[in-house]
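*Asks:* Would you mind keeping the following structure in view while I ask a few things?
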Amino acid sequence: MSLREDGPSVAIVGVTGAVGQEFLSVLSDRDFPYRSLKLLASKRSAGKSLTFEGRDHTVEELTENSFENVDIALFSAGGSISKKFGPIAVEKGSVVVDNSSAFRMDEKIPLVIPEVNPEAMKHIKLKSGKGALIANPNCSTIICLMAATPLHRHAKVIRMVVSTYQAASGAGAAAMEELEQQTREVLEGKEPTCKIFKLQYAFNLFSHNAPILSNGYNEEEMKLLKETRKIWNDMNIKVTATCIRVPVMRAHAESVNLQFENPLDEDTAREILSNAPGLVVIDDRAANHFPTPLAVSNKDDVAVGRIRRDVSQDGNYGLDIFVCGDQIRKGAALNAVQIAEKLF
């Protein structure tokens with residue numbers, strides 16, 4: 001991150017959380033220019049000192065007066081905080097990039113993956129005197145569409161079946177800490193502490209903890225459907241998902257089955273994916289070497305492999321792929337910072 005007089009003033013809301021901390025890491029890694037940096041959190045965290053790039057910063061309590069002269073506000077403090085303070089920041093003239101689900105399905109608010117649909121935010125200008133709000137998609141949606149979109153552009157996806165294997169990081173720092181604690185407890189023959197998910201996470205997997213809806217899907221699964229339709233601007237795309245929590249620390253994996261309107265063979269698909277921004281292909285059949293959560297943890301790129309023709313469909317109208325991406329990074333903080341970079 002570079003201190004520059006001509007840079008924007010930046011505020012981070014929820015800076016003490018897992019994604020808030022990752023915001024700082026990503027901003028530093030990408031040498032993001034800034035004029036000033038304001039770190040905001042709850043009253044409980046106010047007064048804490050954070051050292052960032054050799055400078056000490058005091059965490060301030062988030063209030064309605066926090067956004068005076070703030071150009072860009074990166075939010076990751078939960079939906080209720082975003083709903084209350086996001087519009088206040090916009091009213092003050094800030095461009096808000098919100099990581100919660102609060103505004104994603106608002107038709108007036110762009111839902112953006114910079115490599116996928118940057119045109120959705122082209123009307124928003126920094127320092128225009130008008131604030132605006134941009135929504136960061138759900139982590140599972142981002143990781144999925146990073147790989148599916150280049151193929152969709154070539155052959156048009158008409159149906160997508162997704163199975164997710166989601167890491168503890170998706171539920172925040174406390175879930176990550178509890179997974180580590182439970183692992184120790186189980187190995188020591190103790191009863192595991194179950195506060196975050198109310199059941200054993202270590203050496204286990206279970207249906208995603210999002211609320212179950214009347215149709216039998218949970219909210220996480222429906223996010224994949226609704227957000228894909230909005231991002232691709234296609235209300236007819238068929239999407240079904242099953243979302244599962246697995247005892248992995250900080251990167252999601254997804255099995256994705258794609259059905260196309262136009263034929264697409266696996267060699268062409270592999271070439272398309274190899275040339276797509278933000279993707280790395282790991283697809284060595286001979287060595288049985290494919291994407292893993294560990295391989296992408298703390299990495300910017302989403303990895304894709306297991307690229308193969310769907311033998312349940314005739315011809316080259318279906319593909320199976322396996323995708324892994326760091327949930328905290330590209331699935332949250334990196335995507336938000338890339339959105340902010342598009343404002344320059």
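The values are calculated or read from the model by the stated rules, or taken from the named source; none is laboratory data. Quick caveat: nothing in here was measured; it's all calculated off a predicted structure. Neighbour counts run over all protein chains shown; Cβ positions are idealised from the backbone, glycine included. Side chains included, ligands, DNA and RNA excluded: accessible areas come from the protein's heavy atoms. Shrake-Rupley method; radii C 1.70, N 1.55, O 1.52, S 1.80 Å.
*Asks:* Please work out if Ala174 is more than 20 Å from Gln338 (Cα to Cα) and out of contact with any Ser or Thr (no Cβ under 9 Å at 6 or more places or on another chain).
*Replies:* Spelling it out, Ala174 is indeed more than 20 Å from Gln338 (Cα to Cα) and out of contact with any Ser or Thr (no Cβ under 9 Å at 6 or more places or on another chain).
*Asks:* Now a separate question. Have a look at Val162, Val97 and point out the one that is open to solvent by less than 10 Å² (accessible area, probe 1.4 Å) and closer than 21 Å to Ala269 by Cα. Let's see the steps before the verdict.
*Replies:* Values: Val97 fails: closer than 21 Å to Ala269 by Cα.
Residue meeting the stated conditions: Val162.
*Asks:* Identify the single condition in (1) in contact with a strand residue (DSSP E or B) (Cβ under 9 Å, 6 or more places away or on another chain); (2) part of a helix (DSSP H, G or I); (3) small (Gly, Ala, Ser) that Ser163 does not satisfy, given that it satisfies every other one.
*Replies:* (2)
*Asks:* Looking only at region 184-212, count every residue that is part of a loop (DSSP other than H, G, I, E, B), open to solvent by 50 Å² or more (accessible area, probe 1.4 Å) and free of Cβ contacts under 8 Å to residues at least 24 places away in the same chain and tell me the total.
*Replies:* Qualifying residue count, region 184-212: 9.
*Asks:* Let me ask you something else. Here is a check on your reading of the model: is Asn275 open to solvent by 60 Å² or more (accessible area, probe 1.4 Å) and not assigned by TED's automatic domain parsing to the domain that holds Ile124?
*Replies:* Against the criterion (open to solvent by 60 Å² or more (accessible area, probe 1.4 Å) and not assigned by TED's automatic domain parsing to the domain that holds Ile124), Asn275 qualifies.
*Asks:* Name the pairs whose Cβ atoms lie under 9 Å apart, with the first residue in region 37-54 and closer than 13 Å to Gly20 by Cα, the second surrounded by fewer than 19 Cβ atoms within 10 Å (Cβ to Cβ) and β-branched (Val, Ile, Thr), and 6 or more positions between them or separate chains?
*Replies:* What qualifies is Leu39/Thr58; Leu40/Thr63; Leu50/Thr58.
*Asks:* Another question about this same structure. Quick one: which strands (runs of 3 or more DSSP E) sit completely within region 33-85 and have at least 1 residues that are open to solvent by 40 Å² or more (accessible area, probe 1.4 Å)?
*Replies:* 36-41, 49-52, 55-58
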